[in-house]
Structure formats: C-alpha cells, structure tokens
Amino acid sequence: MSTLAALARLRAVRTGTAQRLATVRHCHLSDRPMVLIPLRMAGEAAAPLAVMAGTDPARPRLLVVPQPRDRDLRFGFAAELAGVLLPYIEGMQKATETVERRGAEPYERSVDAPQIIVPNAGSAAFVRMLGRSTRFRRAEGPYAVHPSVPTLGRWLTYLGQRAQHPGSSLLLAATEALSLHWATGQSRLEDANLASLVGWIDPPAGMSGAQAAREAEDPLVWPPAGPATDPGFDNEVLAPAIRAYEETRSERAAARVREAVRSQLDPVWRLVWRAVGLLEALPAAPGVASRWEADRGSFSAFAAQLAEGAPPQPKRDGAVGAASRLARMERARSSYDAQRAYDDALVMAEYRLTGEAFAGTVVAAEPDRAEGEGRGRKLRPLVTVRTGDPVRVAPGTRLGTPQRRGQQAEVVSVAGGEVTLKIVKGMGRGASATPGAVPEVGEPVCYAALLEEFQPPPALPAPEDTPWTHGGPPPENPPEAESSEEEWS
Amino acid sequence: MDRLDTLRGPVPPRPHDARAIAALAANPGCERRAVLDAAGVDKDATAAHLGFPAPFGQSAFAITRGNAFEALVKENGCAELLRLLRDLLGLPVESAGYTDLGDMAGDPPAHRRHEHTRRLIDRSAAEADDDGTLYDHPLLRLEIAGHTAYLEPDVVAFRLGGAFHVVEVKSFAVVDGQAEPEKVAAAARQAAVYVLALRTMLEELGHDPLRVSHEIVLVCPENFANRPVATLVDVRRELAVLRRQLARMTRVGRIVDALPPGLTFDLAPGPDGAPARPVAELRDAVRRVDARYAPECLSTCDLCFFCRDEAAGRGSTELLGRQVRDALGGVATVDEALGLADGSIAPGEGQEEIARLLRLAGRVYAEAG
C-alpha cells in the first residue's frame, strides 16, 4: 500500500468518513447494467442456492433452488438463469459497427456490451465456478440438460475470465470498484464486506461512516452479500425450510424457502444498486471509453466464436494459450496503470511520492532548439521544470505528460530541484515546434516515467508446434470429453 | 503450573485441538492469546461475557457435508481411501491392512487410548515389511506449554514400508486440480500438528522421527462430485512455524511471571449458570495482558472484536492492517501519524524519513484532490 493510500485511511479514521482515492471514475458504467447476486449452499463448491438478478432496481428476478442438493433442481435452476442472462447478453450483440484496420480485414464490433455487477470478489469467483460446472454439459445423450445450460456456462466462464483482465468492466465486483475510488478507516479485509464499505462512503443521516460500518457487521441488520450465507440464518431459518420442502415437495414449502432467501437478498440488492449510484456520481475518466471499446471488441470476438460452434473453454490453458493470456494481461496492466495516472491527479500523486513522476512549474524553455546539421537537423526543444517533489528518474529516461498526451521527453539532468528535459516526440515535424506544443515559462506541468505506448504481442508458436520443453503439442482428445457426464452432486 | 491454573480459575482447561494449536501460528506475537491458550481459558466464553461475542458460526449444511464426505471415505474399513493411496503412493494392490486404534473395550480415558496407539505404532515401526497399514482413530499427544494436549485427528496415519504419512480428510472441493488456497493452507497447518505429534511419539519410542513424512495426504472431493481425490502436500514450512511457536509457548512462563499475582480470567458460573465474574473486572484482567491485534484475527481468534475495540480506543494503526502499518514505517497511532503528516509533531529518532514521506503525501494529496 502506498503512503498516500495509508494517509487517506488515517484521515478516514479521524474524520469518520471515507476519503477519495480518485477524482474521476476509472471503470465503465453501463446505462443498463445487470446486477447479479449469487448465493451458494454452505459446504459445497458450486451448489447454487439462489440468484437475484435484473437490470431494473425496482424489479429484481429471484431464482431459488428449494433443495440445492437435488441435481435435477440444480440444472433446472441453471436453465432458468440462462433465461435471465442470455437474452440480456444476446440483446447486446444486435447493433454493431464496422471497424477498419490497417493491414487486416475489417470486423464487426458491438456498439454496447453486457455489464454484470456482483457484490464482491467472492461472487465473481462463484460466477466462474458456476461457469465451470455447466459449460461442458450436453443437450443430448445421457444426463441431457436444456440446450441453454452449456451456453450459459461458456458465457459465465468468459465473463469470469475477463474480470481478471486489468481495466475490464464486463464483470465488476462492487467492493473492488468502490475500493479503487475510496479509502476507508478500516482494513482491506473489512472492506470486503460491501455493507460496511458502503457505510463508510455513504453513511445514513446522523451516523458517521465508522458507526455505519460497525452496524453493517451484524448479519441480522445486514445479511452477508454472498456467496456464503450467514450460518445463523442457515441453521435457524433455511435448514428447517429446506427440510420441510424435502418432506412435502409442495409449492407451499418451496415458497417458504423462497421467502427465507428473499429476506437475505433484498437488502443486498438495494445495497449493490447504491454502490452503482455512488460510482455513477463520479465523472468518467477519459481512458474509460477506450478500455470499454476493448471490452466490446473482446465481447464481439467471443460471441463470434460461440456462433461458429467453438468448443467450451478448456479446463486449463495449454502452454501457448497460457503464455499469450499472460502477455495480454501484463500489457493491459501497464497501460491501465499509465492511463489512470494520466487521467487522475490523485493516482498520479502516488507516482510523485515514489519519485517516478514530478509536478512543478516551467522556469526555462527553448522551444526552437534543434540538434544536428542540414538533413540530420532535428527539433529538440529544452524545458526546465522546478519542482519540490523527490525526483528519482535517471538521465536518459523517457517521460510522458498528462498535459500533452502523446508527447515524450527525455531527462537531460536533475539537480537542485530543477529537471531539464528534452522533448523528443509529439512537438511537430516542422523547423519550429507546433504552437502550444512546448510548455511556456510559468506553466504548471507534470511528467511521469509511465508510457502509454503500444507494445506488440510476443511471437508465440502455434499450439500444434508447442516445443517439448513446454509439454509438446496438446493431445487431440482433451480430457474435457467426459465432463458432460460428470456428477454435480 | 499453579500459576496457569489460577489464571484459568476453577474450571477444567479447555482442551487444545489441532485447529487451535495451528491458529497459534497465525499471530505468534500476541501475548494475550499465548497466555489464554496456555492456561486453557475458554476464549469463546470470555469474549461473550465481555460483550464481544466471536463472529464465527458454522453452518449445519457445511457440517453435514463434511461428515458425509468423511463417512464415504472411511466406509468399509477405508476401502475408498486405500484405493486412493495405492494410486498415489504406488502401493501393491494386495498388501494393505486396516487397524482401528479406537477399537477398545469400554470408554477408556484419553491417556489409556494414547497408550494403546503408542503400543501399536511402536510395534508397527519395529516391523520392516512392505505391507501398507492404515491406522484409524489414533490418539496423539503434544506438550503445549507444559500441558498435555490429546489430539484426536479425524485422520489416519498410514504406514508404507518404513514411512508414515498423515492423512487429512477435508470436504472442500478440488476443481481441475485447484482448491481455495486459504483452505489448503489451513489444512496443511492442521496436518503439521499431527506430523509433529507423531514424530514426537516415534522419537520417544526410540525410532527415527523422520520416518513420518513431511508430505501429508490431503483427501478432498474432486470437482463437483462426492468422489474423493488424494494429493500430497508438503508441510515443512508449517512444521517450522509450529515448532518455533511451541518453543515460544514454553517461554510463556516469563510473560505470566510478569503479571500481577492473583490475576485471573475466572469464568466460574454463578447460580444462574452464567459466569459470576463482573464484566468490568474481567475486562481489566484481560487488558493486563498485551494483545497484538491484526485484522487477520477476525477470522481466527474468538477475542477479535474485543481486541479490535481496544485497538480503536487507543487509536492504534494496527486497525488498518499490516500493509498500512508497513507503509507508515511502524508509527503506532493515528494521531501520531497525522501529526507527523501535518508537521504538528516533530519526528522522533528514526522517524525522519517516514515524517518526510507523510508530509509530502499530505502536500501532494492537497494539490491533487
């Protein structure tokens, strides 16, 4: 944790309310997000108990498995969930735009994409687990399920995996999204409780954030946001209701389980929408649009794969697939970090504390300075910045600046609170600099050793050419084949 | 020893189970926990009486599931378990026996059952054949701060050739070769307690303690079914932590010696069945022993809410977690850290660097926010 974030937490303790860690919103928020709250039966890896989902805060859909240990009820539930989720996802594929690419065929990209908002990281992991337990099922043969079940499994798997992609907003965990923007006066562990986190950020009238957060820890006031349920609720309310259903299998008994579960989910439903409202109130950062565009591209590509009948995602990536996924995530991470810093002075502040960035005022500028002679003459304006920040960049380091995105400068010297820079990119190609491209004396500026440059993907062999050092080519018949019949008990 | 009995009061000591012993390793710096555990004080009841009941509960569903899975693994004389172990350890199919160490007439006390386990394990260790044998319901013993703790693992010790393996049955799922890391870690810590107890027993019997493997066999349900799968888990790291912690516990005497004489956490029930001790008195007694609160306590220690409240009262930076404390270079209180940040407190010896950083953070935060 950075000193800045630590200081923000200290101030939250003193003031009793959460402190801002960002001045703008760094995640995309859809006009029509779908909130999804899954609950799991305690002690089971992937036995769904219930899901509350929907795009309208006033009209949640509640799906309940009255006996989570019953295999048929479970698959019936999966089909019902598909009935809620798939129309939402497929609706997003209808309107598309053609994207032209240099040196490649143009492709179709959806103009919007689904956005699923779950309460916390555990719920996101459970979404992935539900995807794993349903994507290999088949609509024919032994243990046949409704055809929508394997499709649901592939989408849940896709969304669960995409959530690990830095900067992606297709599947958001509310606690993570809020923690990116606010610091509370409690520990990160306690921040994983959504009710407590929202209490710090937006306490009810007449209460401090600290008080609201404490109250939120009482499961009788605020039921847990899932996927685990409150053990007290399990033992006193849910277990008798499920037993009654087991004995009678009646509509009435099923309704009793349903109402019991609803009592736990209703407050969480309102809470997640409150979290959405808190995020909505922040203005979107400039970089959000381009990251959402990447999300839309990824979504369209996966939808196309699915339409072409691609097999379900493997249980584990092959060597080549894993290497390319890792490289993609690393590149996404560095560009996400850089974009957030350039978009937000508070994020940049963390880099200023570590000396990777500095802010100050221009004290000298030579906008028309050039190096070289004749045809080799290159425009290289010099700028000197005075700063009170602890600068830790070596001469020769390339820097970018939020004031002039795309421009790059090289450190010439650092001495006595003054940094001399040579602008090497993004100041125009003429004999003199483009007007406004070189900061003038007196202008406040900020430079950072973070570059948003495009990094080409690494060259990797085709999967069938995987070298023996990495296990050789993958087998023709992956072990996934038998998974359609695997138990789900 | 009398001292620890005084601390506990006239109630029987709470037995240590492997989970409690393993949890000691979670926060080795906490003197309060070390003393209360060494004295065998019921921390759950203490917390409840103090008005800060522990936030833990176990769902009946999880208990049922755990029991059902264990029964499945152990049914028909551990037939299923033997099958798994044959595959995992490469045991010849025909040679595998099963001995139930809990099979004794009457309801013998723990030390007699332990003697029984000890005798059979001794005989088994002396034999040099290659037959595999499963020992179910062993009763092991471990010295905790001078007290004898009997451990009744739901595990079995498995001997193959000269080596013993500890088997731990858990009901969390392994999906595609992966399980939740925290759960595996907790199982490994717990199994390490059994490995240590078994090693101690072999050593006392004059056998080589290293015949107990540091690789334990973890048996869990595979994927979404009830079918068990066995995996070897290396617990050397957990063993090292546990040994260090137990060694510290034997020095708990020094902490206890420094406490005021007559100090007690007595919870003896009054006529109404509730502890007779006035709450304020108990609170003062508990506060006499220093705690080292960390947010991680919230998932491992019964007293967590009490200690958190106490830390909040002091304005301690411990409340915010180790990451924040590290970022603050160990500055103890919120007031001190904020004072260093706004310059109202002059940095003490060795605090110059963190004070400079905090002041800079304060300035940059104000400029950017």
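Tell me, which residue of segment A:442-489 that is among the aromatic types (Phe, Trp, Tyr) and modelled with pLDDT of 70 or more is farthest from A:Leu421 (Cα to Cα)?
The extreme case among them is A:Trp468.
Restricting to segment A:336-368, and then to whatever is in a loop (DSSP other than H, G, I, E, B) and under 30 Å from A:Asp295 (Cα atoms), can you tell me which residue is nearest to the other protein chains (Cβ to nearest Cβ)?
Ranking the candidates gives A:Asp344 first.
With respect to the numbered conditions (1) away from chain B (no Cβ under 12 Å); (2) in contact with a strand residue (DSSP E or B) (Cβ under 8 Å, 6 or more places away or on another chain), which one is the sole condition not fulfilled by A:Leu86?
Result: A:Leu86 passes all but (2).
Hey, any hits in segment B:38-59 for a residue that's within 14 Å of another protein chain (Cβ to nearest Cβ), surrounded by fewer than 18 Cβ atoms within 10 Å (Cβ to Cβ) and free of Cβ contacts under 8 Å to residues at least 12 places away in the same chain?
Scanning segment B:38-59 turns up at least one residue that is within 14 Å of another protein chain (Cβ to nearest Cβ), surrounded by fewer than 18 Cβ atoms within 10 Å (Cβ to Cβ) and free of Cβ contacts under 8 Å to residues at least 12 places away in the same chain.
Report whether or not A:Leu62 is surrounded by fewer than 23 Cβ atoms within 10 Å (Cβ to Cβ) and either under 30 Å from A:Val288 (Cβ atoms) or more than 10 Å from chain B (Cβ to nearest Cβ) (or both).
Judged against the criteria, A:Leu62 is a match.
Give me the residue from segment A:172-196 that is among the hydrophobic types (A, V, I, L, M, F, W, C) and under 11 Å from A:Asn120 (Cα atoms) and, out of that set, nearest to the other protein chains (Cβ to nearest Cβ).
Step by step, filter segment A:172-196, then rank; the result is A:Ala192.
Can you tell me which of A:Ala12, A:Ala50 is among the hydrophobic types (A, V, I, L, M, F, W, C), over 19 Å from the mean Cα position of the chain (by Cα), modelled with pLDDT of 95 or more and within 30 Å of B:Ala355 (Cα to Cα)?
A:Ala12
Regarding A:Ala431, is this residue of a type outside the set (Asp, Glu) and modelled with pLDDT under 85?
In short, yes.
Identify, by number, the condition in (1) within 12 Å of chain A (Cβ to nearest Cβ); (2) surrounded by 16 or more Cβ atoms within 10 Å (Cβ to Cβ); (3) closer than 17 Å to B:Phe52 by Cα that B:Arg277 doesn't meet.
Every listed condition holds for B:Arg277 apart from (1).
Please note which helices (runs of 4 or more DSSP H) are completely contained in segment B:141-259 and include at least 3 residues that are at pLDDT below 85.
Per the criteria, B:236-250, B:252-257.
Which one of these does A:Leu279 not meet: (1) surrounded by 14 or more Cβ atoms within 10 Å (Cβ to Cβ); (2) without any contact (Cβ under 8 Å) to a residue 40 or more places away in the chain; (3) farther than 30 Å from A:Pro150 by Cβ?
Of the numbered conditions (1) surrounded by 14 or more Cβ atoms within 10 Å (Cβ to Cβ); (2) without any contact (Cβ under 8 Å) to a residue 40 or more places away in the chain; (3) farther than 30 Å from A:Pro150 by Cβ, the odd one out for A:Leu279 is (2).
How many of the residues in segment A:56-107 are within 21 Å of A:Pro267 (Cβ to Cβ) and under 27 Å from the mean Cα position of the chain (by Cα)?
Going through segment A:56-107 one residue at a time, the tally reaches 9.
When residues of segment B:215-245 are filtered for being within 12 Å of another protein chain (Cβ to nearest Cβ) and touching a residue at least 12 places away in the same chain (Cβ under 8 Å), how many remain?
Of the residues in that region, 6 qualify.
Tally the residues that are more than 10 Å from every other protein chain (Cβ to nearest Cβ) and within 29 Å of A:Asp343 (Cα to Cα), restricting the search to segment B:327-358.
Summing the residues that are more than 10 Å from every other protein chain (Cβ to nearest Cβ) and within 29 Å of A:Asp343 (Cα to Cα) in segment B:327-358 gives 2.
Can you find a residue that is assigned to a helix (DSSP H, G or I), within 22 Å of A:Val272 (Cα to Cα) and either out of contact with any strand residue (DSSP E or B) (no Cβ under 8 Å at 6 or more places or on another chain) or not hydroxyl-bearing (Ser, Thr, Tyr) (or both) anywhere in segment A:63-73?
The answer is no; no qualifying residue exists.
Of all the residues that make up segment B:280-303, how many are within 17 Å of B:Cys30 (Cβ to Cβ) and more than 14 Å from chain A (Cβ to nearest Cβ)?
Number of matching residues: 10.
Spot the failing condition for B:Phe306; the list is (1) under 34 Å from the mean Cα position of the chain (by Cα); (2) crowded, with 23+ Cβ neighbours inside 10 Å; (3) facing another protein chain (nearest Cβ under 10 Å), and only one is missed.
Looking at each condition in turn, B:Phe306 falls short on (3).
Could you tell me which of the residues A:Gly153, A:Gly141, A:Gly103 is free of Cβ contacts under 8 Å to residues at least 24 places away in the same chain and farther than 30 Å from A:Arg25 by Cβ?
Among A:Gly153, A:Gly141, A:Gly103, only A:Gly103 is free of Cβ contacts under 8 Å to residues at least 24 places away in the same chain and farther than 30 Å from A:Arg25 by Cβ.
Out of segment A:369-419, which residues are modelled with pLDDT of 90 or more, more than 17 Å from A:Glu443 (Cβ to Cβ), more than 14 Å from chain B (Cβ to nearest Cβ) and in a loop (DSSP other than H, G, I, E, B)?
Hits for segment A:369-419 are A:Arg380, A:Val393, A:Ala394, A:Pro395, A:Gly396, A:Thr397.
The values are calculated or read from the model by the stated rules, or taken from the named source; none is laboratory data. Since this is a predicted model, take the numbers as computed values, not measurements. Cβ: placed from backbone, ideal geometry, glycine included. Neighbour counts: every protein chain shown.
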